[in-house]
Amino acid sequence: FALWRDERRRRGWLTSRVLAKQLLGETAGAAATDFEILSRDELGRVNRPLVWRAGARLPWSLSISHSDRGVLVGLATSDDVTIGVDLTQGQAFSPSVAETWFTPAERAWYHQANSRQIGAYIWSAKEALYKALSDGESFAPLEFEVLADGRCRHRGTRGGLGGHRRC
């Protein structure tokens, strides 16, 4: 909480944690206060939120996204499923941002659609995929590709989607 300097970001972070703990409590039939959510490793690096209860890590996948306008929390309780969620506002993406962070196929879709929502969708889907597949590595947007037909690809080592799969 203390790492967020902007009051709106602090409020979004806190609200998302409260919502996540309520979801965890309802899912487990327990009190929300029974859970601890850790999203930094022992070196202070950001990682996927880990869920702890009574000193034991649960094999659940939790994903949290927050902004000054909303929060979104996703939870998968099966230990063979990971989840990633992201919120984004419909901000316009400059051509330089698209040229830098979108793959050629994504840039073609973005320019053809001529819609700021498509840019926001592509970016948000990349972040959600990253959250679902990352093991603590830095976000590398070009490692993820999101296509207009609903397929996606992760070119990194984890997930190894090789070809395109449904997102």
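The values are calculated or read from the model by the stated rules, or taken from the named source; none is laboratory data. Computed from a predicted structure; not experimentally measured. When we count neighbours, we look across all protein chains shown, and the Cβ atoms used for this are built from the backbone with ideal geometry, even at glycine. What goes into the accessible areas is simple: the full protein's heavy atoms, side chains included, and nothing from ligands, DNA or RNA. Shrake-Rupley method; radii C 1.70, N 1.55, O 1.52, S 1.80 Å.
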Of all stretches in the chain that avoid trypsin sites (Lys or Arg not before Pro) placed in a DSSP loop and having at most 11 other Cβ atoms within 10 Å, the longest is 70-167
How far is helix 104-113 tilted off the main Cα axis of the chain, in degrees rounded to 10, range 0 to 90? 80
Plugging the Kirkwood radius over Cα pairs into Stokes-Einstein for the range 63-118, at a temperature of 10 °C and a viscosity of 1.306 mPa s, what D comes out in µm²/s? 117
Who wins for biggest fluctuation among 58, 43, 133 in a Gaussian network model of the chain, springs between alpha carbons below 10 Å? 43
Pick from 73, 51, 81: which residue has the top mean-square fluctuation in a GNM of the chain where Cα pairs under 10 Å get a spring? 81
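Determine the share of the range 22-67's accessible area contributed by carbon and sulfur atoms, expressed in whole percent, with a 1.4 angstrom probe.
C and S fraction of accessible area: 52 percent.
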For helix 116-133, what angle does its Cα long axis make with the longest principal axis of the chain, in degrees from 0 to 90 and rounded to 10? 50
Spin-label model distance (nm) - residue 96 vs residue 76, 7 Å beyond Cα toward Cβ: 3.7
Taking only Cα atoms, what is the 0 to 90° angle, nearest 10, from helix 7-28's long axis to the longest principal axis of the chain? 60
q = 0.12 Å⁻¹, the chain: log10 I(q)/I(0) [Debye, one scatterer per Cα]: -0.60
